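The values are calculated or read from the model by the stated rules, or taken from the named source; none is laboratory data. Bear in mind the structure is a predicted one, so any value in this text is a computation, not a measurement. Backbone-built Cβ (ideal geometry, glycine too); neighbour counts: all protein chains shown. Areas reflect the complete protein model, heavy atoms only, side chains present, ligands, DNA and RNA absent. Shrake-Rupley method; radii C 1.70, N 1.55, O 1.52, S 1.80 Å.
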Amino acid sequence: MRSLVLLLALLALNGCMSVSDMAQGTRDQLSDAGILDHSNTRRISNFRLQADSFIYIAQGAFAPHGAGQVPKQNVVAEEAFNGFVEYFPMVRRARAPLGLDEAMTEARSMGAHYLLYTRFARADDRISNGDDWADQEAVDRLGIDNGVIQLMVIETSTRYLIDSARIHIRGGLLTLYDTRPEDLLAAPLEEYARSLLGVSR
C-alpha cells in the first residue's frame, strides 16, 4: 500500500513539473542555502526594451570598496556585453572605463538608443587558494567572495534614466576555491539582460 502511494505521488509530481524545472528548482535552493553561487537583483522599474534596441555598454573608472585583489578595470562591461549579446543583436561596449559624460558622448556618436552604465561598487575578495593565503595569512579573511554591482540604463536622446539596478553577488561553498568576485558576474548580468527583454530562462 505504501509503495502504491509513493508511486502515485511521483506520478503526480512528474505531471506537474518537468525535469528541467526540478533541476532549476534544486539549483535555486542550493544557491539560497549558500552551497552554490547566488545573486540578488533589485531593479527600480520593470521597463522593458525592444530586442532591436542598440545598447552601448560602459563601465565607470570607480575603484570598488572592499578588501583583497581589485577586479580588472573593465570586467563589468565585458561580462555585461557577454550576457547581453545573446539577447540584443545590436550591442557594443567601451574598450576601457569611461566617465558618464564620455560614455554618453560615445554612445550617441555610435547611434545607440541606450547606454548601460555599470560599476563595481563593492568587492570582497576572500582567501580562496594558497597564493591568497601566502599574501594575507589572516584567518578572518577565509571565506566566500561577495560584491555589489550597480547598473543604469539611460536613454541617449533624452538622458532619461530608464532603469537602475543593484546586484548583490555571493559565492558558494562548492565554488569558492580559486575564485574572484568578478567570476560571479556572468549569470546575474545575463539574467538582467533577460529581465530587460522580458523573457524567462
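Scanning the stretch 72-100 for residues that are of a type in the set (Phe, Trp, Tyr) and either open to solvent by less than 20 Å² (accessible area, probe 1.4 Å) or assigned to a strand (DSSP E or B) (or both) gives PHE84, PHE88.
GLY68 meets each of the listed conditions (1) on the phi > 0 side of the Ramachandran plot; (2) at pLDDT 65 or above; (3) not polar (S, T, N, Q) apart from (2). For ALA112, indicate whether it is in a loop (DSSP other than H, G, I, E, B), at pLDDT 95 or above and crowded, with 18+ Cβ neighbours inside 10 Å. Yes, satisfied.
Contact list please: Cβ distance under 6 Å, first residue in the stretch 145-160 and of a type in the set (Val, Ile, Thr), second residue part of a loop (DSSP other than H, G, I, E, B) and buried (at least 19 other Cβ atoms within 10 Å of the Cβ), pairs at least six apart or on different chains. Filtered contacts from the stretch 145-160: THR156/ALA112.
Filter the stretch 165-185 down to the residues that are at pLDDT 95 or above and either in a helix (DSSP H, G or I) or closer than 21 Å to ILE127 by Cα (or both) and list them by number.
Let us first name the residues in the stretch 165-185 that are at pLDDT 95 or above, namely 165-168.
Result: HIS168, single match.
Of the set (1) free of Cβ contacts under 8 Å to residues at least 12 places away in the same chain; (2) under 18 Å from GLU191 (Cα atoms), all apply to THR105 but (2).
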